[in-house]
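Some notes on the structure that comes next.
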Amino acid sequence: MRVSYHSVHQPRCGVCLKHFKSFESLREHLKGPLPKSNCSKIFSERGCGLCLRVLDGPGSLSEHQNICCLTAPVHQGNSLLPTDLSDCYGEDRSDRGHGAIAMDCVMAGGGSDGALDICVWICLVDEDEKLIFSTFVQPQIPITNYRHEVTGLKEEHMRHAIPLKNVQEKVLKILLNGESIERLRFNGGKARLLVGHDLEHDLDCLRMNYPDHMLRDTARYHPLMKTNLVSHSLKYLTRAYLGYDIRQGGHNPYENCVSVMRLYKRMRSLDHRGQVPSIAPHIQYVAPSLDSVSTKDLEKMTPHELYEMSRSNFKCWCLDSRRVMLT
């Protein structure tokens, strides 16, 4: 347990109560080619194929599935028109909270062969799935491939583009939420969490930085990764955990933003027992170390007690729920 970083924050089978390093491992345990027979039988009768919970009975399962299986988001209006509702999140709002903002970027191609990713469209969505900022971005190098089959963009769309520097300032203002840069780097303060899929790549293309402890990346979150800790695509995660398909008609940044926000909120809502509130919302509580207890005493402990003492090697998003409660 010392070297494997087992903890109560790992996904757990609702039948045998065994913990797994990822939901993918748990899925294989319940539904894979060689499932655990008893767990597989009970799960087939009372288990949800999306969140992998085991319900009390068929009636409870039916009600749960109606809530758990979502429909693809549809934005009312022309998604190709620039939108800026960020003033609704200005510094004079008395009801502002920490919360989270989802971001997605659409990339066109630059360079002589069009293989260089450059951000040409950015979208921001809040926790209520409201579009707060969407604009075309004027790149700093020429676009040599609009990748129209995927992006749906043509040269005329760039007439509405705004300079990258202006986009950086707007995005940072929304995320900072009136907080200072110093406080952001220390513990976040009133600043908002940034949610996305492969955020490192998006931020790199935007030439922006945001503290790691304020990022919630569905491509890097251990429970959502493959058993070998390789990232899944957002398309797979949406189908596997939310129950609908995305990118049916190309890359839609609003659809992607809503999907990553839903994934984040679903992971955040998980209730992991055995963990107490942290001193600061962004810092995970550290249980007494297994190394601080003698081997003789460890041998007397139950597996449950050992799990409560063991530390995970990732920051569980369920701890963010306490950040929300503090708003």
On the given criteria, is residue 240 among the hydrophobic types (A, V, I, L, M, F, W, C), part of a helix (DSSP H, G or I) and either buried (at least 16 other Cβ atoms within 10 Å of the Cβ) or touching a residue at least 12 places away in the same chain (Cβ under 8 Å) (or both)?
yes
Which of the residues that make up the stretch 2-52 are in contact with a strand residue (DSSP E or B) (Cβ under 7 Å, 6 or more places away or on another chain) and closer than 16 Å to residue 65 by Cβ?
14, 30, 43, 46, 47
Hey, residue 150 hits all of (1) touching a strand residue (DSSP E or B) at 6+ places or on another chain (Cβ under 9 Å); (2) not in a helix (DSSP H, G or I) but one; which does it fall short on?
(2)
Could you check the stretch 154-173 and list, in sequence order, the residues that are over 12 Å from residue 143 (Cβ atoms) and not β-branched (Val, Ile, Thr)?
156, 159, 160, 163, 164, 165, 166, 168, 169, 170, 172, 173
Within the stretch 26-44, is there a residue that is crowded, with 16+ Cβ neighbours inside 10 Å, among the β-branched types (Val, Ile, Thr) and modelled with pLDDT under 85?
no
Counting only residues in the stretch 54-75 that are modelled with pLDDT of 90 or more and in a loop (DSSP other than H, G, I, E, B), the one most open to solvent (accessible area, probe 1.4 Å) is identified as 56
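Please pick out the residue among 177, 166 that is among the polar types (S, T, N, Q) and open to solvent by less than 30 Å² (accessible area, probe 1.4 Å).
177
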Restricting the first residue to the stretch 45-58 and requiring it to be free of Cβ contacts under 8 Å to residues at least 60 places away in the same chain and on the phi > 0 side of the Ramachandran plot, which pairs with a second residue that is of a type in the set (Val, Ile, Thr) and assigned to a loop (DSSP other than H, G, I, E, B) meet a Cβ separation below 9 Å and a spacing of at least six or different chains?
none
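What's the total number of residues in the stretch 99-123 that are part of a loop (DSSP other than H, G, I, E, B) and either open to solvent by less than 10 Å² (accessible area, probe 1.4 Å) or of a type in the set (A, V, I, L, M) (or both)?
2
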Which numbered condition in (1) at pLDDT below 85; (2) crowded, with 16+ Cβ neighbours inside 10 Å; (3) assigned to a helix (DSSP H, G or I) is the only one that residue 296 fails?
(2)
Within the stretch 8-52, count every residue that is part of a loop (DSSP other than H, G, I, E, B) and over 20 Å from the mean Cα position of the chain (by Cα).
12
Among all residue pairs at least 6 apart or on different chains, which show Cβ distances below 7 Å where the first residue, located in the stretch 305-318, is touching a residue at least 24 places away in the same chain (Cβ under 8 Å) and more than 14 Å from residue 19 (Cα to Cα) and the second is hydrophobic (A, V, I, L, M, F, W, C) and in a loop (DSSP other than H, G, I, E, B)?
318/270
Quick check: anything in the stretch 76-84 buried (at least 16 other Cβ atoms within 10 Å of the Cβ) and modelled with pLDDT under 90?
yes
Regarding the stretch 148-159, can at least one residue be identified that is more than 28 Å from residue 321 (Cβ to Cβ), among the hydroxyl-bearing types (Ser, Thr, Tyr) and loosely packed, with under 15 Cβ neighbours inside 10 Å?
no
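The values are calculated or read from the model by the stated rules, or taken from the named source; none is laboratory data. What you see is a predicted model, and the numbers here were worked out from it, not measured in a lab. Don't worry about glycine lacking a Cβ; one is built from the backbone with ideal geometry, like all the others, and counts go over all protein chains shown. Accessible surface is based on the protein model in full, side chains and every heavy atom, while ligands, DNA and RNA are left aside. Shrake-Rupley method; radii C 1.70, N 1.55, O 1.52, S 1.80 Å.
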